[in-house]
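Here is the structure we will look at.
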Amino acid sequence: MAPIPGSGLAKGLAVTLRTMTKKTVTAQYPDVQPELPPRTRGVIALFEENCTVCMLCARECPDWCIYIDSHKETVPAAAPGGRERSRNVLDRFAIDFSLCMYCGICIEVCPFDALFWTPEFEYAETDIHELTHERDKLREWMWTVPAPPALDPGAEEPKEIAAARKTADKLAAEQAAEAERTAQPPQPSQAAEAAEAAGTTEATEAAQAEDAGRPEPPVTPSSGPQEGQS
């Protein structure tokens, strides 16, 4: 069936009329902050305690806007006779947001969860050179990272959480057993019971020996008539 001539124009005018009759809502920014989606890509935050200076984020960045400097330190052996180890210490971690295109590759390739998206977007500057944020500034953005979404109720529990819960339950059981053992009165040991029994036996024998050494009391004759007397 061929379309009716002018039907497209009529639909467009209908949309226009519906829009014209609606009340206009203006967001009073910056007095009223906008409600951003949970996965908004604002600025990138750094959790430097997790960073091992593996350089994966800097190598994979298509804009080469991540700058990392580090040095090596020697860690003494943990046990006597052990071998000393060396580790990388982070000196500088900076991101030039004037070059960043917010692709998120650096966050995805980080194997230690050191980089996170935050919904914060109010970091405009009048000088383009000030858009290079150092690690102190990136660490401040860490406090604005939203909590991860809840897992599906039917999803399998992560192995890390299961292991942590098992360890916590074992520790709680040990603490409960220790508290129960502390609350009970101390029970005498077998050696103490044997010593007490031996002491009781010796006291009994001593009492019997003392009784055997005592003289027998004299027999008092009765005052009644004796046998054979009239």
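So here's what we get for this one:
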| quantity | calculated |
| --- | --- |
| Portion, in percent, of the accessible area of segment 20-163 that falls on carbon or sulfur, probe 1.4 Å | 55 percent |
| Segment 79-163: chymotrypsin sites (Phe, Trp or Tyr not before Pro) in DSSP coil with no more than 15 other Cβ atoms inside 10 Å | Tyr102, Phe112, Phe121, Tyr123 |
| Cα-based Kirkwood hydrodynamic radius, segment 1-79, one decimal, Å | 20.3 Å |
| Residue order for Thr19, Thr126, Thr144 - accessible surface, 1.4 angstrom probe, largest first | Thr126, Thr19, Thr144 |
| Residue order for His129, His71 - accessible surface, 1.4 angstrom probe, largest first | His129, His71 |
| Mean accessible surface per residue for segment 1-119, computed with a 1.4 Å probe while every protein chain stays in place, in Å² | 74 Å² |
| Accessible heavy-atom area order of Met55, Met101, highest first, probe of 1.4 Å | Met101, Met55 |
| Sparsely packed GluC sites (Glu not before Pro) within segment 68-128, loop by DSSP, other Cβ within 10 Å at most 15 | Glu84, Glu122, Glu125 |
| Dipole of segment 24-166, positive direction: furthest Cα of Cys54, Gly82, Phe112, with charges on the beta-carbon | Gly82 |
| Area of Asp127 that stays accessible when all protein chains are in place (1.4 Å probe, Å², to 10) | 60 Å² |
| Debye intensity ratio I(q)/I(0), log10, segment 90-181, q values 0.13, 0.18, 0.19, 0.24 Å⁻¹ (C-alpha model) | -0.69, -0.96, -1.02, -1.34 |
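The values are calculated or read from the model by the stated rules, or taken from the named source; none is laboratory data. Given the structure is predicted, the values throughout are model-derived calculations rather than measurements. Please note: Cβ atoms are built from the backbone with ideal geometry, for glycine as well, and neighbour counts cover all protein chains shown. SASA here: full protein model, heavy atoms, side chains in, ligands and nucleic acids out. Shrake-Rupley method; radii C 1.70, N 1.55, O 1.52, S 1.80 Å.
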